[in-house]
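Below is one structure, written out as structure tokens, with a few remarks after it.
The values are calculated or read from the model by the stated rules, or taken from the named source; none is laboratory data. Since we're looking at a predicted model, the values are computed, not measured. Note that each Cβ is placed from the backbone with ideal geometry, even for glycine, and that neighbours are counted across all protein chains shown. With ligands, DNA and RNA removed, areas are computed over all heavy atoms of the protein, side chains included. Shrake-Rupley method; radii C 1.70, N 1.55, O 1.52, S 1.80 Å.
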Amino acid sequence: MLGLNHKDFALFIVVVLFMALAPFIFNLFPVNSPLGFFNGGYPDLMQRFAIFAIFAIGFNLLFGLTGYLSFGHAAFLGVGSYAAVWMFKLLSYNIVPALILAVVVAGVFSVVIGWISLRRSGIYFSILTLAFAEMSYRLAYSVLTPLTNGETGLQVYPGDPQVLLGNGPDVPHLFGLEMSATATLHAGAWEFTFPVGYYLCAILMLLSFYASIRIFRSPFGLMLRAIKSNQTRMNYTGLNPRPYTLAAFVISGMYAGLAGGLLAAMDPLTGPERMQWTASGEVVIMVILGGVGTLIGPILGAGTIKYLENVFSKLNENLLNDWFSFLPHWLQEPVVWLLSKFTGEGWHLTLGSLFVIVIIFLPGGLLEGFQKLWARIRRRKPPSGSDGTSPARTEPAE
């Protein structure tokens with residue numbers, strides 16, 4: 001079905017069902033329940049999950065298949081966002097030309113950076129991409145202020161041309177269907193929200209995931225795996241791997257540009273911080289946390305990190321004091337003090353701790369953990385792979 005084998009098609013259907021039912025899955029607790037906090041900022045969480053899943057899927061096509069670890073992919077995310085906002089400023093709030101330009105500009109930008117960076121491999125390639133990303137950040141922050149509005153960020157102002165705006169909505173929309181529009185369903189103590197913006201992001205995420213499966217199973221994907229396995233041996237056979245790695249780099253950059261354009265489509269404001277090296281590091285962690293080189297791993301990693309970010313970053317001492325009020329006072333204070341270091345602004349300590357644990361005990365990522373758990377439940381040894389690709393998927397990230 002759809003050009004996929006049975007296993008890939010089943011995996012694709014699982015992801016489709018998950019995205020369709022996300023408004024219920026991410027909204028497990030009633031709105032006014034004390035446990036409603038663990039809904040994780042739903043429904044905004046769903047949009048960010050879908051967008052960063054696209055970013056991670058694209059990054060995995062480069063890192064997971066070729067082994068080239070880029071530390072500068074946030075540059076393409078930021079370029080895509082700037083391109084989309086400029087389309088809003090010049091034409092209208094219709095997101096179609098904005099997303100198209102975001103993908104095209106990110107693709108052209110990645111051709112330039114990839115053509116130079118891929119002249120080196122290993123740590124030198126990583127440092128080159130990091131350097132380009134940092135230069136892009138600095139350019140957006142200061143030198144290109146007329147185009148990027150510097151530190152303030154680029155947004156749409158009433159005086160902007162918007163030559164095609166007409167009587168259309170003055171918010172991002174898809175041919176009149178506003179991204180901010182929602183439908184609400186009340187069911188007892190629950191309140192389910194269905195945002196238009198989320199479903200657009202989900203559809204694009206599913207298309208990106210489908211394209212990723214086809215690339216993984218194609219002769220092109222096989223060639224990329226061969227490059228990761230032993231590039232020197234490929235050179236001896238007379239094959240030039242650079243066009244393949246450059247193509248993977250550009251495709252990956254276009255995925256990042258699409259994610260950046262969607263971020264702008266959901267909120268037409270962007271700034272240079274979107275291109276900072278920390279944003280590049282985040283997508284690396286997403287992919288490694290979920291499972292490098294696997295089909296579903298980047299989606300798992302993106303979902304895990306965005307959920308943790310939404311939950312742990314919003315925990316404060318008052319909430320912790322409420323939760324641990326049942327403890328004696330002499331014990332409550334140290335417990336709250338300790339946990340407060342891993343929540344709020346310190347939630348990155350939680351993320352770092354989780355990352356360390358996964359790298360040490362589950363080098364194949366969370367997917368390997370689920371495989372082991374499932375194998376233990378079924379009382380048999382874990383399968384050699386999760387989705388039919390080579391066992392290299394569960395190797396350490398280097």
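So, in the stretch 180-223, of the ones that are in contact with a strand residue (DSSP E or B) (Cβ under 6 Å, 6 or more places away or on another chain) and open to solvent by less than 30 Å² (accessible area, probe 1.4 Å), which residue ends up modelled with the highest pLDDT? Going through the qualifying residues, I end up with Pro195. Asp170 meets each of the listed conditions (1) out of contact with any helix residue (DSSP H, G or I) (no Cβ under 9 Å at 6 or more places or on another chain); (2) of a type in the set (D, E, K, R); (3) open to solvent by less than 80 Å² (accessible area, probe 1.4 Å) apart from (3). Here Thr294 meets the list (1) touching a helix residue (DSSP H, G or I) at 6+ places or on another chain (Cβ under 6 Å); (2) at pLDDT below 90; (3) open to solvent by less than 10 Å² (accessible area, probe 1.4 Å) almost entirely, failing just condition (2).
Quick check: is even one residue across the stretch 244-266 assigned to a helix (DSSP H, G or I), of a type in the set (S, T, N, Q) and surrounded by fewer than 24 Cβ atoms within 10 Å (Cβ to Cβ)?
If we filter the stretch 244-266 for residues that are assigned to a helix (DSSP H, G or I), which is where we start, we get 244-266.
Okay, now just the ones that are also of a type in the set (S, T, N, Q), so 245, 252.
So of that shortlist, the ones also surrounded by fewer than 24 Cβ atoms within 10 Å (Cβ to Cβ) come out as none.
No - not one qualifying residue is present in the stretch 244-266.
Residue by residue, here is whether (1) of a type in the set (Lys, Arg); (2) at pLDDT 85 or above; (3) within 30 Å of Ser136 (Cα to Cα) holds:
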| site | (1), (2), (3) |
| --- | --- |
| Val283 | no, yes, yes |
| Val287 | no, yes, yes |
| Ala302 | no, yes, yes |
| Lys314 | yes, no, no |
| Phe324 | no, yes, no |
| Gln332 | no, yes, no |
| Glu345 | no, no, yes |
| Leu362 | no, yes, no |
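Given the criterion among the β-branched types (Val, Ile, Thr) and more than 19 Å from Ala75 (Cβ to Cβ), identify the matching residue among Thr129, Thr152.
Result: Thr152 is the single residue among Thr129, Thr152 that is among the β-branched types (Val, Ile, Thr) and more than 19 Å from Ala75 (Cβ to Cβ).
Scanning the stretch 298-325 for residues that are under 14 Å from the mean Cα position of the chain (by Cα) and of a type in the set (Val, Ile, Thr) gives Ile299, Thr304, Ile305.
If a residue counts only when it is open to solvent by less than 50 Å² (accessible area, probe 1.4 Å), which helices (runs of 4 or more DSSP H) contained entirely in the stretch 302-369 have at least 3 such residues? I'd like the intermediate steps shown before the answer.
On the way: elements: 317-323, 329-340, 347-361.
Ranges flagged: 329-340, 347-361.
The conditions are (1) part of a helix (DSSP H, G or I); (2) in contact with a Gly (Cβ under 7 Å, 6 or more places away or on another chain), and Phe125 fails exactly one of them. Which is it? With (1) part of a helix (DSSP H, G or I); (2) in contact with a Gly (Cβ under 7 Å, 6 or more places away or on another chain) applied to Phe125, the lone miss is (2).
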